[in-house]
1. Restrict the check to region B:138-149 and report whether at least one residue is modelled with pLDDT of 95 or more, in contact with a Lys or Arg (Cβ under 6 Å, 6 or more places away or on another chain) and within 12 Å of another protein chain (Cβ to nearest Cβ).
2. Read through the list (1) touching a residue at least 60 places away in the same chain (Cβ under 8 Å); (2) closer than 19 Å to A:Arg132 by Cα, then give the number of the only condition that B:Arg220 fails.
3. In region A:72-86, which residues are hydrophobic (A, V, I, L, M, F, W, C) and within 27 Å of the chain's Cα centre (by Cα)?
4. For region B:126-135, check the following and say yes or no: at least one residue is at pLDDT 95 or above, facing chain A (nearest Cβ under 7 Å), crowded, with 23+ Cβ neighbours inside 10 Å and not in a helix (DSSP H, G or I).
5. Looking at (1) under 17 Å from B:Arg215 (Cα atoms); (2) touching a helix residue (DSSP H, G or I) at 6+ places or on another chain (Cβ under 8 Å), which one does B:Ile164 not meet, given that it meets all the others?
6. State whether the residues of region A:5-13 include one that is out of contact with any Gly (no Cβ under 6 Å at 6 or more places or on another chain), closer than 30 Å to A:Thr144 by Cα and more than 14 Å from chain B (Cβ to nearest Cβ).
7. Based on this model, can you work out whether B:Leu120 counts as modelled with pLDDT under 95 and assigned by TED's automatic domain parsing to the domain that holds B:Val207?
8. Only one of (1) out of contact with any strand residue (DSSP E or B) (no Cβ under 6 Å at 6 or more places or on another chain); (2) closer than 25 Å to A:Gln213 by Cβ; (3) modelled with pLDDT of 95 or more is not met by B:Pro171, so which one is it?
Number of protein chains: 2
Amino acid sequence: MTARARKALEEAEVIVGYHTYLDLIRDLTGGREVVATGMTGEIERCCRAVQLALAGRKVAIVSSGDPGVYGMAGLVLEILHQAAPGSRLPVAIIPGVTAATAAAAALGAPLMHDFAVISLSDRLTPWELIARRLELAAQGDFVTVLYNPRSHGRQRHLHLAQEIFLRYRSPETPVGVVRNAGREGEEVWVSDLLKFADLPVDMLATVIIGNSQTRVLDGRLVTPRGYRL
Amino acid sequence: MTARARKALEEAEVIVGYHTYLDLIRDLTGGREVVATGMTGEIERCCRAVQLALAGRKVAIVSSGDPGVYGMAGLVLEILHQAAPGSRLPVAIIPGVTAATAAAAALGAPLMHDFAVISLSDRLTPWELIARRLELAAQGDFVTVLYNPRSHGRQRHLHLAQEIFLRYRSPETPVGVVRNAGREGEEVWVSDLLKFADLPVDMLATVIIGNSQTRVLDGRLVTPRGYRL
């Protein structure tokens, strides 16, 4: 957590968030009003936060990772715009460490070169668009970070992603998987494009597929930037 | 800066870095040995840090943003591998807030959907590969973050990138530019694909090109995730 995020939490009168994330910061929320909601309650959560803020309260809404990457930041701004278009309510989006860079750090240095970030969740995005982006990222030799790689109800997407990448990259391409990146209980696996889908990849995992230059050096993923050593 | 980064600086015996970045954290380096190098001294800097660490010193090497995104992390691991292959020297890569998410937060919430990160610097990468990745990112309707968008010696690349995107996206596509993202003196502009290249974009700037869904709401860039409100 950054110093700026901690300060915002300390200054807030009300703290709103998904209960699992609020549990992670329980030592910082003491004495304040806390509004906890379930995982799929994103809209409800943001509406509550916006209503409280429009009523004059100082509200912090908590995301894990970075609120600006598949997080709550966009929904807060959309809901505020609907509720009070043109409002001058001050909103600070406080950036954090997103799963892509937390997972990269745990694996070594795979994001030293151009990369793409793609969510495999088709809850809000048609699979055809996701598949097309995977194809283009694979074609462009982008290092590729997969968010929401697999859930109980969605087992096949990771294999489809793997098939797409195998059309453009060698089966030996290094792939890293990190569960709970940057959190307690972090787990790290270095694998390859042929075998990574057999790892325990779930919604807590982030997958990083190397590009054609990515190597495993002493157990760590490294994508060279191109310096001549 | 995260709590973990601050702790690592406090625990280091020697702090190595580019002098401009060391100036930003002068209040944290007091009393310790400091090794400062110039901007293009990346290899020298990492070699010094690795040598000192192999000699038994506790060394911190400082990057701005996230060391794992076009930063020093990869070079440190490559140089360590060359100097002492198979070494068990503990190396911790400590993730931070990279310019992509710091700039996104300053602009609103443009990274709510899949995105690509591309550096326009051809110092270490052939321009043909950069141009191809720009083309594929544009085709895939990725929100696209440009690092190192323009330098004194490299004025044309930003216009070439603009031309590529104009082939696939409307001239009204929202584009944000942030100078000194997340630092003192931060400057923020909300523009569009037709006009953004006329802004004072330089090596301190990060450019975020919206996708087909990105909107400007009350002066802020927002890419909807797809929730029905």
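The values are calculated or read from the model by the stated rules, or taken from the named source; none is laboratory data. The structure displayed is predicted, hence computed values, not measured ones. Quick reminder, even Gly has a Cβ in these numbers, built from the backbone with ideal geometry, and neighbours come from all protein chains shown.
1. Yes, region B:138-149 contains a residue that is modelled with pLDDT of 95 or more, in contact with a Lys or Arg (Cβ under 6 Å, 6 or more places away or on another chain) and within 12 Å of another protein chain (Cβ to nearest Cβ).
2. Here B:Arg220 clears every test but (2).
3. Scanning region A:72-86 gives A:Met72, A:Ala73, A:Leu75, A:Val76, A:Leu77, A:Ile79, A:Leu80.
4. There is no residue in region B:126-135 that is at pLDDT 95 or above, facing chain A (nearest Cβ under 7 Å), crowded, with 23+ Cβ neighbours inside 10 Å and not in a helix (DSSP H, G or I).
5. For B:Ile164, the exception is condition (1).
6. no
7. no
8. (2)
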